[in-house]
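Note sheet for the following structure.
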(Lines give C-alpha, C1' and ligand atoms only; values in the text may rest on other atoms or scores of the structure.)
Protein backbone atom coordinates (compact mmCIF):
# COMPACT_ATOMS: atom_id res chain seq x y z
CA UNK A 1 0.00 0.00 0.00
CA UNK A 2 2.75 2.41 0.99
CA UNK A 3 4.78 1.44 -2.07
CA UNK A 4 1.82 2.13 -4.38
CA UNK A 5 1.25 5.48 -2.65
CA UNK A 6 4.95 6.34 -3.00
CA UNK A 7 4.90 5.49 -6.71
CA UNK A 8 1.75 7.54 -7.26
CA UNK A 9 3.19 10.49 -5.32
CA UNK A 10 6.48 10.30 -7.18
CA UNK A 11 4.67 10.22 -10.54
CA UNK A 12 2.62 13.24 -9.53
CA UNK A 13 5.70 15.19 -8.49
CA UNK A 14 7.48 14.36 -11.74
CA UNK A 15 4.40 15.44 -13.72
CA UNK A 16 4.27 18.74 -11.83
CA UNK A 17 7.99 19.38 -12.36
CA UNK A 18 7.65 18.63 -16.09
CA UNK A 19 4.66 20.96 -16.37
CA UNK A 20 6.50 23.75 -14.57
CA UNK A 21 9.54 23.20 -16.79
CA UNK A 22 7.41 23.29 -19.95
CA UNK A 23 5.64 26.40 -18.69
CA UNK A 24 9.01 28.05 -18.10
CA UNK A 25 10.11 27.27 -21.65
CA UNK A 26 6.81 28.56 -23.06
CA UNK A 27 7.06 31.73 -21.01
CA UNK A 28 10.46 32.46 -22.60
CA UNK A 29 9.28 31.96 -26.18
CA UNK A 30 9.53 35.02 -28.43
CA UNK A 31 8.30 35.59 -31.98
CA UNK A 32 8.91 37.91 -34.92
CA UNK A 33 5.99 37.76 -37.36
CA UNK A 34 4.67 39.31 -40.57
CA UNK A 35 1.47 41.37 -40.60
CA UNK A 36 -1.68 39.24 -40.39
CA UNK A 37 -2.93 40.61 -43.70
CA UNK A 38 0.00 42.07 -45.67
CA UNK A 39 -1.10 44.67 -48.18
CA UNK A 40 -4.34 45.56 -46.43
CA UNK A 41 -3.01 48.65 -44.65
CA UNK A 42 -0.62 49.80 -47.41
CA UNK A 43 -2.33 49.54 -50.77
CA UNK A 44 0.08 48.96 -53.68
CA UNK A 45 0.19 51.81 -56.15
CA UNK A 46 2.12 54.89 -57.09
CA UNK A 47 3.87 55.95 -60.25
CA UNK A 48 7.30 54.43 -60.97
CA UNK A 49 9.86 57.16 -60.50
CA UNK A 50 7.52 59.15 -58.28
CA UNK A 51 8.25 60.20 -54.73
CA UNK A 52 6.34 57.34 -53.11
CA UNK A 53 5.84 53.84 -54.49
CA UNK A 54 3.87 51.30 -52.43
CA UNK A 55 4.55 47.72 -53.48
CA UNK A 56 2.96 44.37 -52.64
CA UNK A 57 6.48 43.13 -51.91
CA UNK A 58 9.97 44.58 -52.21
CA UNK A 59 11.76 42.30 -54.67
CA UNK A 60 14.84 44.46 -55.20
CA UNK A 61 16.07 43.60 -51.70
CA UNK A 62 16.22 40.23 -49.99
CA UNK A 63 16.41 39.23 -46.33
CA UNK A 64 19.29 36.78 -46.00
CA UNK A 65 19.02 36.14 -42.28
CA UNK A 66 17.26 37.34 -39.14
CA UNK A 67 19.14 37.17 -35.85
CA UNK A 68 18.18 37.88 -32.26
CA UNK A 69 21.04 38.13 -29.79
CA UNK A 70 23.30 36.81 -32.56
CA UNK A 71 21.28 33.63 -33.13
CA UNK A 72 19.33 32.94 -36.38
CA UNK A 73 15.56 32.73 -36.03
CA UNK A 74 12.70 31.86 -38.37
CA UNK A 75 9.72 34.16 -38.87
CA UNK A 76 6.69 32.98 -36.93
CA UNK A 77 8.58 30.26 -35.07
CA UNK A 78 9.29 30.49 -31.30
CA UNK A 79 12.76 31.21 -29.97
CA UNK A 80 14.27 31.92 -26.56
CA UNK A 81 15.86 35.27 -25.74
CA UNK A 82 16.58 37.55 -22.82
CA UNK A 83 14.56 40.50 -21.57
CA UNK A 84 16.39 42.97 -23.82
CA UNK A 85 15.81 40.94 -26.98
CA UNK A 86 14.17 43.85 -28.81
CA UNK A 87 17.44 45.74 -28.56
CA UNK A 88 19.38 42.91 -30.15
CA UNK A 89 17.66 42.31 -33.48
CA UNK A 90 19.80 42.14 -36.62
CA UNK A 91 18.42 41.67 -40.14
CA UNK A 92 20.88 40.96 -42.95
CA UNK A 93 19.64 42.31 -46.28
CA UNK A 94 21.12 41.91 -49.74
CA UNK A 95 20.68 44.35 -52.60
CA UNK A 96 19.65 42.11 -55.51
CA UNK A 97 18.83 44.99 -57.86
CA UNK A 98 20.95 47.04 -60.24
CA UNK A 99 20.40 50.29 -58.33
CA UNK A 100 21.81 51.96 -55.26
CA UNK A 101 19.80 52.68 -52.11
CA UNK A 102 20.61 55.27 -49.45
CA UNK A 103 18.59 54.05 -46.47
CA UNK A 104 16.35 51.20 -45.36
CA UNK A 105 14.36 50.73 -42.19
CA UNK A 106 12.01 48.04 -40.99
CA UNK A 107 9.44 49.11 -38.43
CA UNK A 108 8.12 46.63 -35.89
CA UNK A 109 5.12 47.02 -33.61
CA UNK A 110 4.37 45.19 -30.38
CA UNK A 111 0.87 43.64 -30.69
CA UNK A 112 0.67 43.11 -26.93
CA UNK A 113 0.63 46.90 -26.52
CA UNK A 114 -2.32 48.42 -28.37
CA UNK A 115 -0.80 51.89 -28.70
CA UNK A 116 2.82 51.19 -28.17
CA UNK A 117 6.17 52.23 -29.49
CA UNK A 118 7.48 51.27 -32.92
CA UNK A 119 10.84 49.49 -32.85
CA UNK A 120 13.06 50.29 -35.85
CA UNK A 121 15.74 48.11 -37.39
CA UNK A 122 17.70 50.19 -39.87
CA UNK A 123 20.79 50.96 -41.95
CA UNK A 124 22.90 53.07 -42.21
CA UNK A 125 23.78 54.47 -38.81
CA UNK A 126 25.74 57.61 -39.79
CA UNK A 127 25.23 60.48 -42.23
CA UNK A 128 28.44 59.48 -44.02
CA UNK A 129 27.18 55.93 -44.59
CA UNK A 130 23.86 57.29 -45.80
CA UNK A 131 25.60 59.50 -48.35
CA UNK A 132 27.36 56.44 -49.77
CA UNK A 133 24.40 54.05 -49.53
CA UNK A 134 24.65 50.44 -50.62
CA UNK A 135 24.80 49.12 -54.15
CA UNK A 136 24.05 45.96 -56.17
CA UNK A 137 25.24 42.74 -54.54
CA UNK A 138 26.05 44.34 -51.19
CA UNK A 139 24.87 42.73 -47.95
CA UNK A 140 24.17 45.12 -45.10
CA UNK A 141 23.05 44.65 -41.51
CA UNK A 142 20.01 46.45 -40.15
CA UNK A 143 20.12 46.80 -36.38
CA UNK A 144 18.04 48.28 -33.61
CA UNK A 145 19.11 51.33 -31.63
CA UNK A 146 22.56 51.13 -30.12
CA UNK A 147 22.37 54.47 -28.30
CA UNK A 148 21.82 53.88 -24.56
CA UNK A 149 19.76 57.06 -24.11
CA UNK A 150 17.41 56.23 -26.98
CA UNK A 151 16.99 52.66 -25.75
CA UNK A 152 16.28 53.84 -22.20
CA UNK A 153 13.57 56.13 -23.56
CA UNK A 154 12.11 53.27 -25.60
CA UNK A 155 12.36 50.88 -22.67
CA UNK A 156 10.63 53.34 -20.33
CA UNK A 157 7.88 53.93 -22.90
CA UNK A 158 7.20 50.19 -23.12
CA UNK A 159 7.47 49.68 -19.37
CA UNK A 160 4.82 52.37 -18.81
CA UNK A 161 2.32 50.03 -20.49
CA UNK A 162 3.61 46.60 -19.43
CA UNK A 163 6.83 44.96 -18.20
CA UNK A 164 9.43 44.45 -20.92
CA UNK A 165 9.73 40.82 -19.82
CA UNK A 166 6.10 40.32 -20.87
CA UNK A 167 6.68 41.31 -24.51
CA UNK A 168 6.78 38.10 -26.55
CA UNK A 169 6.00 39.26 -30.10
CA UNK A 170 7.32 41.84 -32.56
CA UNK A 171 5.33 42.22 -35.78
CA UNK A 172 6.76 43.78 -38.92
CA UNK A 173 4.69 46.84 -39.76
CA UNK A 174 6.40 48.14 -42.88
CA UNK A 175 9.65 48.33 -44.82
CA UNK A 176 10.74 51.72 -46.12
CA UNK A 177 13.58 52.12 -48.63
CA UNK A 178 14.96 55.49 -49.74
CA UNK A 179 16.72 56.06 -53.05
CA UNK A 180 19.38 58.74 -53.70
CA UNK A 181 16.92 60.73 -55.85
CA UNK A 182 14.67 61.28 -52.84
CA UNK A 183 11.97 58.78 -53.82
CA UNK A 184 10.86 55.97 -51.49
CA UNK A 185 9.63 52.39 -51.72
CA UNK A 186 7.17 51.16 -49.12
CA UNK A 187 5.83 47.67 -48.47
CA UNK A 188 4.67 45.33 -45.74
CA UNK A 189 6.63 42.46 -47.31
CA UNK A 190 10.14 41.90 -48.57
CA UNK A 191 11.66 39.00 -50.46
CA UNK A 192 13.49 36.38 -48.36
CA UNK A 193 16.28 33.94 -49.26
CA UNK A 194 14.83 31.32 -46.92
CA UNK A 195 11.35 30.18 -47.96
CA UNK A 196 10.49 29.55 -44.31
CA UNK A 197 10.74 33.32 -43.76
CA UNK A 198 8.56 34.22 -46.75
CA UNK A 199 5.90 36.90 -46.35
CA UNK A 200 2.43 35.68 -47.51
CA UNK A 201 1.63 38.74 -49.61
CA UNK A 202 -1.23 38.80 -52.14
CA UNK A 203 -0.34 37.68 -55.65
CA UNK A 204 0.00 40.44 -58.26
CA UNK A 205 -3.09 40.77 -60.51
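Tabulated values for the structure
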read-out	value
Verdict on residue 76 being farther than 18 Å from residue 172 by Cβ and either surrounded by fewer than 17 Cβ atoms within 10 Å (Cβ to Cβ) or touching a helix residue (DSSP H, G or I) at 6+ places or on another chain (Cβ under 9 Å) (or both)	no
Residue, nearest to residue 78 (Cα to Cα), within segment 158-178, restricted to residues that are over 13 Å from the mean Cα position of the chain (by Cα) and in a strand (DSSP E or B)	176
So residue 117, is it surrounded by 14 or more Cβ atoms within 10 Å (Cβ to Cβ), in contact (Cβ under 8 Å) with a residue 24 or more places away in the chain, part of a loop (DSSP other than H, G, I, E, B) and in contact with a helix residue (DSSP H, G or I) (Cβ under 8 Å, 6 or more places away or on another chain)	yes
Of residues in segment 29-75 being more than 27 Å from residue 137 (Cα to Cα) and part of a strand (DSSP E or B), the one modelled with the lowest pLDDT	29
Candidates 147, 181, filtered to the one that is exposed (fewer than 12 other Cβ atoms within 10 Å of the Cβ) and under 27 Å from residue 70 (Cβ atoms)	147
Segment 76-94, subset in a strand (DSSP E or B) and under 11 Å from the mean Cα position of the chain (by Cα), residue farthest from residue 191 (Cα to Cα)	89
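The values are calculated or read from the model by the stated rules, or taken from the named source; none is laboratory data. These numbers were taken from a predicted model, which means no experiment stands behind them. In this analysis, Cβ positions are derived from the backbone assuming ideal geometry, glycine residues included, and neighbour counts consider all displayed protein chains.
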